[in-house]
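K.L.:
Please see the structure below; I have some questions.
Computed from the coordinates by the stated procedures, all read-outs in this text should not be read as laboratory data. As the structure is a computational prediction, the values presented were derived from the model and not from experiment. Please note: Cβ atoms are built from the backbone with ideal geometry, for glycine as well, and neighbour counts cover all protein chains shown.
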Amino acid sequence: MGKILILPGDGIGKEITGESLKIINYFKENINIDIEIEKDLFGGVSIDKNGEPLTRSVLDKAMDSDAVLLGAVGGPKWENIDHNLKPEKGLLMLRKELETFANLRPGKVFQALIDASSLKKEVVKNTDILVVRELTGGIYFGEPRYLKKINEKKVGVNTLVYDEDEIRRVAQVAFEIARKRKKKVTSLDKANVLEVMQLWRDVVSEVHETKFKDVELEHLYIDNAAMQIIKRPSTFDVILAGNLFGDIISDEIAELIGSLGMLPSASLGVNKAIYEPAGGSAPDIAGQNTANPIGSIMSLAMLFKYSLNLDNIHDLIETSISITLDDGIRTNDINKDGKAKMVVSCNQMGDEILKKIDEIKSKFI
Ligand code: IPM
Ligand code: MG
């Protein structure tokens, strides 16, 4: 029914995807979901073994899969190598090759974790934002790009470029999703300064006018948005942004909901998809079995929903996570208030969530 390629990558990637794999195996054994799993090297570990972060053979396997479940890439070991060989480059190539242009990053506050946010409870309460970030264009990929010496002076250049089609297709994704949520899209740009962002605003407005008049559209400049999101997070629904602005704003939202380790993501293309937590490789805690696997497990939940059309499994996993948190079970990163009933390892968190899945599954399946 589905072919999944697991790329654990670097740092805590291996630990957290290990917990997601446990859950996949549970579904395979207990409810007969037909999933084929493959695993391979990606990022820094692939550089160490094969000299490049994404080999042709791994890319071919990704192309041949219904979905890729990714852990994290990068770490201090590979920070000083050539830009084109960095682990991050592998991730960017994978996104580009699979053309996963719409990156969905939900930031929903779990009631049980409301104290873990650095904002006041009253402000964070009821926050449920979905960032739709353009992922295969913009300044990340624009040409020319270089770092070189011109007349004895070092110069760095990157190019922020979008054409109308790139903007239109991601805007449509944002509006379609908003239609199934609270029917509001906030589009972020810098149209007061940048021509390309004027185009962004114009195209988003055009998509709205022609097809999505039933959805409310708000345009905000990125600087103002950074402030408004902290001030009134619960008034946002879908936030649409280009590659760089979306990258920045999704970290802001992660902190707002309590932990970067909680934030999943789905990167969707036409019939390819990559699922990965937004939290990064966290080299400082890698190998210690203390990382929070929830971002990866929630990414897996999104995989069931968007790639395998199993919305019920998505809901089952999400509810099981909620109950686990309600029970006061926390990894270190979400125990900032010291109120956990039980502080658990990465491994134990996976086991606890699996236990809940097993307990409540008959309500969903
Ligand atoms: C993210 C990350 C990546 C990005 C890096 C690791 C290349 O920050 O997924 O948000 O900038 O897109
Ligand atoms: Mg980022």
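K.L.:
Would you grab the residues whose amide H sits under 5 Å from the one on residue 67? Only those 5+ places off in sequence or on another chain, please, with H modelled 1.01 Å from N.
P.N.:
Under 5 Å from the amide H of residue 67 lie the amide H atoms of 3, 5, each far enough along the sequence or on another chain.
K.L.:
Right, another one. Roughly speaking, what is the centre-to-centre gap between region 233-291 and region 298-365 when only Cα atoms are used, to the nearest Å?
P.N.:
With region 233-291 and region 298-365 each reduced to a Cα centre, they are spaced 17 Å.
K.L.:
At 222 nm, what value in deg cm²/dmol follows for the chain if DSSP H runs of at least 4 each add -39500 (n - 2.57) and the sum is divided by all its residues, to the nearest 500?
P.N.:
-13000 deg cm²/dmol
K.L.:
Now, a different point. Report, for the chain, the % of DSSP beta bridges that are antiparallel, rounded to 5. Walk me through the numbers before you get to the answer.
P.N.:
Working: 18 of 45 bridges.
For the chain, the DSSP antiparallel bridge percentage is about 40.
K.L.:
Also: Below 8 Å, C-alpha to C-alpha, sequence gap of six or more: please give me the relative contact order for region 118-257 in percent.
P.N.:
Once divided by the residue count of region 118-257, the mean separation gives 38 percent.
K.L.:
To the nearest 20 debye, what charge dipole does region 96-143 have about its Cα centre, counting +1 at the Cβ of each Lys and Arg and -1 at the Cβ of each Asp and Glu?
P.N.:
The calculated dipole for region 96-143 is roughly 320 debye.
K.L.:
Compute the separation of the alpha-carbon centres of region 103-153 and region 169-223 and state it in Å as a whole number.
P.N.:
After rounding, the separation between the Cα centres reads 17 Å.
K.L.:
Using 7 Å Cα-to-Cβ label points, what is the residue 347/residue 143 separation (nm, one decimal)?
P.N.:
4.9
K.L.:
Something else about it: Set the bar at 32 Å for Cα to Cα. Now go through 3/341; 28/213; 211/305 and name every pair that lies beyond it.
P.N.:
From 3/341; 28/213; 211/305, over 32 Å: 3/341; 28/213.
K.L.:
Hey, can you grab everything whose amide H is under 5 Å from the amide H of residue 108? Only 5+ residues off in sequence or another chain; H modelled, so Pro and N-termini drop out.
P.N.:
129
K.L.:
At a Förster radius of 45 Å, what calculated FRET efficiency corresponds to the Cβ-Cβ distance of residue 126 and residue 157, to the nearest 0.05?
P.N.:
Approximately 0.55, to the nearest 0.05.
K.L.:
Another question, if that's okay. Would you mind calculating the relative contact order of the chain from Cα pairs under 8 angstrom and at least 6 residues apart, reporting the percent as a whole number?
P.N.:
Details: 769 pairs, mean separation 76.9, N = 365.
For the chain, the relative contact order is 21 percent.
K.L.:
Once the dipole of region 118-257 is set up with Lys and Arg at +1 and Asp and Glu at -1 on Cβ about the Cα centre, which of 156, 188, 233 lies farthest towards its positive end?
P.N.:
Farthest towards the positive end: 233.
K.L.:
Counting only DSSP beta bridges with both residues in region 118-257, tell me the antiparallel percent, nearest 5.
P.N.:
30
K.L.:
I've got another one for you. Which ³J(HN,Hα) values, rounded to whole Hz and listed in residue order, are derived for region 226-242 from phi using the Karplus coefficients 6.51, -1.76 and 1.60 in 6.51 cos²θ - 1.76 cosθ + 1.60 with θ = phi - 60°, glycine and proline given as x?
P.N.:
So the Karplus estimates, Gly and Pro as x, are 4, 6, 4, 5, 6, 7, 9, x, 6, 8, 8, 10, 9, 10, 9, 8, x Hz.
K.L.:
In whole Hz and in residue order, list the ³J(HN,Hα) couplings for region 323-334 that follow from phi through the Karplus curve 6.51 cos²θ - 1.76 cosθ + 1.60, θ = phi - 60°; x for Gly and Pro.
P.N.:
Karplus-based 3J(HN,Hα) across region 323-334 equals 5, 4, 5, 4, 6, x, 8, 9, 7, 3, 5, 10 Hz.
K.L.:
Through the Karplus equation 6.51 cos²θ - 1.76 cosθ + 1.60, θ set to phi - 60°, convert the phi angles of region 243-253 into ³J(HN,Hα) values in whole Hz; use x for Gly and Pro.
P.N.:
4, 6, 4, x, 4, 5, 5, 6, 5, 4, 5
K.L.:
Same structure, new question: Straight distance only, please: which lysines reach the Cα of residue 154 with their own Cα at less than 30 Å, same-chain residues fewer than 8 apart left out?
P.N.:
Here the lysines satisfying the reach criterion relative to residue 154 are 77, 86, 89, 96, 190.
K.L.:
If you place +1 on the Cβ of every Lys and Arg and -1 on the Cβ of every Asp and Glu, how big does the dipole about the Cα centre of region 267-338 come out, in debye to the nearest 20?
P.N.:
Numbers: 4 positive and 9 negative charges, 50 e Å.
Dipole about the Cα centre, nearest 20: 240 debye.
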